[in-house]
Amino acid sequence: MTATTAFDEMFGLSAGYDARSADGVTAAYRAIRQWLADSPAELMAARRAQAELFFRRIGITFAVYGDAQATERLIPFDIVPRIMSRAEWTGLEHGLKQRVAALNAFLADIYGSQEILKAGIIPPELVLMNPAFCLHMVGRKPPGGVWVHIAGIDLVRTGPDQFYVLEDNARTPSGVSYMLENREVMLKLVPELFDQVKVAPVETYPEKLLETLASVSPRTRRGAHPTCVLLTPGQYNSAFYEHSFLADKLGIELVEGNDLFVRDDIVFMRTTEGPQRVDVIYRRLDDDFIDPLVFNPTSMLGVPGLMAAYAAGNVTLANAVGTGIADDKAIYSYMPEIIRFYTGEDAILSNVPTWRCREPDALMYVLDHLPELVVKEVDGSGGYGMLVGPHAPKATIAAFAAKLKANPEKFIAQPTLALSTCPTATDAGIAPRHVDLRPFVLTGADGVRIVPGGLTRVAMTEGSLVVNSSQGGGTKDTWVVDDA
Amino acid sequence: MRIRVDYSTIYDYERPASNVLQLLRLQPAGHDGQHIVNWRIDSDCDGHLKPGEDAFGNITHMFYPDGLVQRLALHVTGEVDTQESHGVLSGSFEPLPAMAWLRQSDLTRPDAGLQALARQIDAGDALASCHRLTAHLFDTMTFDPDVTHAHSDAAHALSIRAGVCQDYAHVFLSVARQLGIPARYVSGHLVRADGMITQPAAHAWAEALIPDLGWVAFDPTNGVCATEAYLRVAVGLDYRDAAPVRGARRGGGMETMAVAVTTRDAGQVQVQSQS
């Protein structure tokens with residue numbers, strides 16, 4: 001687990017890195033290796049420049065909090081696709097379906113009869129006293145029984161067959177617009193490569209998402225077309241580009257809180273032709289802001305009365321309210337047990353071994369081994385507020401130790417994984433860079449839908465393990481290729 | 001005691017407002033010591049009242065007045081029979097596990113002052129701690145309606161040692177939860193012992209879960225446990241969860257709100273008139 005040499009997805013573990021060498025190349029990467037070998041440095045540079053131009057034209061940007069230079073900037077895109085074989089993907093897909101089914105069962109249970117707490121599998125305080133456990137959802141059942149309609153499961157790879165789930169994103173996972181845009185740009189950039197390699201399509205994602213949303217509409221009258229909308233916090237949100245992009249691809253209205261209102265426990269959208277009833281809200285707005293009558297009373301972004309309409313069963317929110325508890329990293333550490341409890345099976349996808357700092361023995365171990373561990377806030381995301389021990393100066397580690405001692409229950413720790421690397425175009429030529437993968441799993445009342453692949457994030461800085469776009473990471477197109 | 005409540009809340013907006021809607025927690029649920037004889041919620045605005053129930057077990061109504069509204073009056077009238085139980089609650093509907101009531105909220109989150117108070121109050125025993133806390137707040141805080149507002153938190157109220165019943169309750173909750181005692185906010189009405197029937201606002205106090213007794217109601221504003229003079233309407237983690245009215249509207253400009261409550265012992269009046 002703590003191997004210092006990373007597994008490279010093109011070359012395996014063989015030493016040296018010559019992107020043009022044919023030695024040790026994995027089967028899935030053969031065509032890419034050849035493509036790289038055939039592309040002189042100037043051509044790669046020209047392609048990179050062209051890709052950047054495409055993205056500028058599309059206007060795809062991402063606001064980076066804490067970056068004084070620019071509130072919006074282009075996410076670096078790497079033109080070398082990340083390849084997975086169909087067999088590798090099929091294995092992951094089974095694991096993802098199992099995991100998301102367990103997440104949904106877990107949420108239904110903790111907001112329902114709480115069998116898993118009664119069985120002593122998870123300490124009750126970890127759920128009941130967790131700020132992400134939404135008391136307002138206790139005893140409620142979302143339409144169709146689905147809690148997590150859209151899940152983003154972050155995976156990392158450390159060896160030929162070793163994949164680990166790094167974290168679950170069940171609140172409002174983002175990034176799918178990059179998956180779609182990256183594919184569009186690659187199709188324009190290197191159409192010839194798509195002729196040689198049979199790449200599984202991801203373009204069907206918007207269609208699958210719309211089917212998923214429609215399947216959980218509370219109005220199931222035959223022939224009735226449910227009205228779905230995408231609720232955004234507005235243009236100042238870091239993911240606003242994605243919100244408008246997805247609404248456009250799905251062919252649904254992009255709305256802000258002000259565009260909706262509730263009357264007699266029914267949600268309506270203001271339109272030029274008068275109020276139109278809304279059935280399903282794909283909301284990209286956090287729980288705390290969605291209804292000032294129930295949650296944060298100062299929120300101007302939400303819809304007053306929305307929770308009343310939701311409780312009355314007149315509207316579906318995707319994802320359901322209260323799913324954020326599943327993102328908690330202390331809850332994550334129990335996922336193997338959660339999967340076994342609800343599915344009766346062992347987890348197909350492994351968890352990264354995790355120390356829960358709330359437990360005194362674990363805390364002691366973590367404090368003694370900070371320079372080799374990654375420490376994260378249980379409710380953190382986006383790579384904010386975490387310590388990567390091996391890359392942190394002594395003073396940072398000491399400061400972090402103090403934070404950890406003051407509020408141990410707020411942190412978990414994990415070994416620093418040697419994330420796999422993929423060939424990446426850098427200014428100094430093709431070089432290995434660390435990657436992760438976020439596939440998107442859609443769950444409707446009528447089943448699970450997944451497009452093959454997902455969003456590959458790549459740490460553009462040599463040796464860096466932090467792939468988050470909020471921390472300057474880039475993205476790659478992800479190809480699931482049929483074995484030739 | 002037969003408690004009779006007449007409770008009016010009148011909102012006046014500067015200009016007509018549209019899309020007015022309100023979440024009401026104005027109707028009490030019964031329990032062993034509290035029997036609802038009759039209860040009515042009325043408004044001078046036409047509209048729809050949709051009943052519901054929240055996760056804390058409170059009876060809720062969504063009120064959707066029709067059209068444009070410039071003045072909105074809510075009138076609540078009702079009679080409830082209560083029995084003396086020395087603050088011990090029984091037969092209440094409890095949809096949440098006890099541990100959920102250990103959570104601090106935005107309005108009860110402890111600061112250094114509240115942490116110090118918790119250490120000072122800790123009597124090693126839940127019941128003794130709650131009695132000590134009730135007496136301490138009654139003795140050291142000053143009732144003053146002009147120093148805090150609806151969104152003031154426990155830390156602020158403790159720092160100025162003053163506030164209204166809502167603030168006393170929030171300080172109580174913050175300290176009790178720090179001591180590992182599940183506790184909750186209660187909004188309701190009180191028949192005052194001093195005979196003052198007309199009050200400027202509804203009342204608020206706290207309930208704490210005491211081993212072997214169950215939920216026990218403590219009123220730190222008056223330094224006592226609840227008696228049969230207390231009518232319990234709604235509970236929550238803090239004021240926001242149990243607030244009698246939470247509303248929203250479009251337009252309307254500034255708002256003024258006037259509250260008038262009369263709470264009296266209806267049986268007493270009858271007895272007197274008969275004698």
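The values are calculated or read from the model by the stated rules, or taken from the named source; none is laboratory data. Since this is a predicted model, take the numbers as computed values, not measurements. Quick reminder, even Gly has a Cβ in these numbers, built from the backbone with ideal geometry, and neighbours come from all protein chains shown.
Could you list, in sequence order, the residues of region B:153-199 that are free of Cβ contacts under 8 Å to residues at least 60 places away in the same chain, buried (at least 19 other Cβ atoms within 10 Å of the Cβ) and over 17 Å from B:Thr134 (Cα atoms)?
B:Asp153, B:His156
Only one of A:Thr443, A:Thr426, A:Thr396 is touching a residue at least 40 places away in the same chain (Cβ under 8 Å), of a type outside the set (Asp, Glu) and on the phi < 0 side of the Ramachandran plot; which?
Among A:Thr443, A:Thr426, A:Thr396, only A:Thr443 is touching a residue at least 40 places away in the same chain (Cβ under 8 Å), of a type outside the set (Asp, Glu) and on the phi < 0 side of the Ramachandran plot.
Condition first: among the charged types (D, E, K, R), under 28 Å from the mean Cα position of the chain (by Cα) and more than 14 Å from chain B (Cβ to nearest Cβ). Now tell me which residues in region A:235-285 satisfy that.
Across region A:235-285, the qualifying residues are A:Glu242, A:Asp248, A:Lys249, A:Glu253, A:Asp279, A:Arg283, A:Arg284.
Matching residues to (1) outside any loop (DSSP other than H, G, I, E, B); (2) among the charged types (D, E, K, R); (3) in contact with a His (Cβ under 7 Å, 6 or more places away or on another chain); (4) closer than 30 Å to B:Leu23 by Cα:
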site	(1), (2), (3), (4)
A:Asp195	yes, yes, no, no
A:Ala214	yes, no, no, yes
A:Leu230	yes, no, yes, yes
A:Tyr241	yes, no, no, no
A:Ser244	yes, no, no, no
A:Tyr282	yes, no, no, yes
A:Leu293	no, no, no, yes
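For residues that are in a loop (DSSP other than H, G, I, E, B) and touching a Pro at 6+ places or on another chain (Cβ under 8 Å), scanning just region B:102-120, find the one that is nearest to the other protein chains (Cβ to nearest Cβ).
Ranking the qualifying residues of region B:102-120, first place goes to B:Arg103.
Tell me the residue from A:Lys405, A:Lys410, A:Lys376 that is modelled with pLDDT of 90 or more, more than 25 Å from the chain's Cα centre (by Cα) and either on the phi > 0 side of the Ramachandran plot or of a type in the set (Lys, Arg) (or both), please.
A:Lys405
Could you grab me the full set of residues in region B:7-22 that are farther than 30 Å from B:Val88 by Cβ and either more than 14 Å from chain A (Cβ to nearest Cβ) or of a type in the set (A, V, I, L, M) (or both)?
Within region B:7-22, B:Ser8, B:Thr9, B:Ile10, B:Tyr11, B:Asp12, B:Tyr13, B:Glu14, B:Arg15, B:Pro16, B:Ala17, B:Val20, B:Leu21 meet the criteria.
Could you grab me the full set of residues in region A:377-391 that are buried (at least 17 other Cβ atoms within 10 Å of the Cβ) and touching a Leu at 6+ places or on another chain (Cβ under 8 Å)?
A:Leu387, A:Gly389
Does A:Asp288 satisfy being within 26 Å of the chain's Cα centre (by Cα), part of a helix (DSSP H, G or I) and more than 14 Å from chain B (Cβ to nearest Cβ)?
In short, no.
How about region B:27-56: which of its residues are within 14 Å of chain A (Cβ to nearest Cβ) and crowded, with 22+ Cβ neighbours inside 10 Å?
B:Asp54, B:Phe56
Return yes when A:Val280 is within 18 Å of A:Thr172 (Cα to Cα), touching a residue at least 60 places away in the same chain (Cβ under 8 Å), touching a Ser or Thr at 6+ places or on another chain (Cβ under 9 Å) and buried (at least 24 other Cβ atoms within 10 Å of the Cβ) and no when it is not.
It is true that A:Val280 is within 18 Å of A:Thr172 (Cα to Cα), touching a residue at least 60 places away in the same chain (Cβ under 8 Å), touching a Ser or Thr at 6+ places or on another chain (Cβ under 9 Å) and buried (at least 24 other Cβ atoms within 10 Å of the Cβ).
Being among the aliphatic types (A, V, I, L, M), facing another protein chain (nearest Cβ under 10 Å) and surrounded by 24 or more Cβ atoms within 10 Å (Cβ to Cβ) is the filter; apply it to region A:301-327 and report the residue that is nearest to A:Asn104 (Cα to Cα).
That would be A:Met307.
Name the residue, out of A:Gly159, A:Gly139, A:Gly144, that is farther than 29 Å from A:Ala418 by Cα and part of a loop (DSSP other than H, G, I, E, B).
None of the others qualify; the one that does is A:Gly139.
Examine region B:74-85 for a residue that is of a type in the set (S, T, N, Q), more than 10 Å from every other protein chain (Cβ to nearest Cβ) and either in contact with a helix residue (DSSP H, G or I) (Cβ under 7 Å, 6 or more places away or on another chain) or assigned to a loop (DSSP other than H, G, I, E, B) (or both), and state whether such a residue exists.
yes
Kindly establish whether B:Thr60 is out of contact with any Cys (no Cβ under 6 Å at 6 or more places or on another chain), polar (S, T, N, Q) and within 13 Å of chain A (Cβ to nearest Cβ).
Here the answer is yes, as B:Thr60 does meet what is asked.
Whether any residue in region B:138-151 is crowded, with 16+ Cβ neighbours inside 10 Å and small (Gly, Ala, Ser) is what I want to check.
Checking region B:138-151: not a single residue is crowded, with 16+ Cβ neighbours inside 10 Å and small (Gly, Ala, Ser).
From (1) within 13 Å of chain B (Cβ to nearest Cβ); (2) in a helix (DSSP H, G or I); (3) free of Cβ contacts under 8 Å to residues at least 12 places away in the same chain, pick out the condition that doesn't hold for A:Thr298.
Failing condition for A:Thr298: (2).
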